[in-house]
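The values are calculated or read from the model by the stated rules, or taken from the named source; none is laboratory data. Note that the structure is predicted; figures quoted are calculated from it, not measured. Note: ideal-geometry Cβ built from the backbone for every residue, glycine included; neighbour counts use all protein chains shown. All accessible areas refer to the heavy atoms of the entire protein, side chains included, with ligands and DNA or RNA removed. Shrake-Rupley method; radii C 1.70, N 1.55, O 1.52, S 1.80 Å.
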Amino acid sequence: MSKSQSSEPGFGNWDLGFGIFFMPIRCEIVTQERIVYADDVDMVVAPGRDGVLGILPHHAPLLTTLQFGELLVRKDGQEQSFAIGGGVLEVRPDKVTVLADAAEMADEIDLARAGEARQRAEELLAQGLPPGSDRFAEIENALKRSTLRLKVGQKKRRSGAPPPMDMGH
Ligand code: ATP
């Protein structure tokens, strides 16, 4: 199937033949502090509340919470990875919006800082806090955040290139 760019100005859509057009989907990842990412992409894979969600253009509208996890964006055959610290995901046919409690692009992750945060959390948990207490939950969350940041940041640096997209199925 030949892939030729549409002659329509102002659209990043592709004529896939037989009159079928492939439109990208807008992806915006924002936190309270900043816009982490905004671009037209081919696919988003997000850590949804009930499991990994693969989102292509024209996806049915959806609103869900996000778990701690890795979010992947594919654009022009390249993948970009993000550490997402929970939040909300809204899908519309032409747009994916992530309102994240915390989000960092893999390249931005400070591995030394994440390593220190994990060590701190491990040391505090080793002190024998009562499981079920607020403090215990707080430190467990800090451990989850730092472990995720290490995973996403190290994977990127090890391979030098984004890994193949894992759909989790
Ligand atoms: P720390 O104890 O190192 O501050 P934390 O888990 O308490 O880590 P958060 O409260 O989740 O940090 O995040 C605070 C801000 O710092 C957010 O903007 C988040 O994106 C950023 N951040 C936290 N850790 C890192 C890191 N290792 N690399 C880059 N940015 C980070």
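For the range 36-95, the Cα-based Rg and Dmax, in that order, read 10.8, 28 Å. Over all other residues within a Cβ to Cβ distance under 10 Å of V36, the charged ones net out to -3, with Lys and Arg as +1 and Asp and Glu as -1. A P(r) calculated from all alpha carbon pairs of the range 32-136, with 10 Å bins opening at zero, reads 13, 39, 29, 14, 5, 0 percent.
Surface listing: F68, F136 arranged by accessible area from highest to lowest gives F68, F136, probe 1.4 Å. Solvent-accessible surface of the range 101-160, taken per residue with a 1.4 Å probe and all protein chains present: 65 Å².
Compared with the alpha-carbon gap, the fully stretched path from L56 to I35 is longer by 5.4 nm at 0.36 nm per residue.
The label-point distance for S133 and V88, in a model that sets each label 7 Å from Cα toward Cβ, rounds to 3.3 nm.
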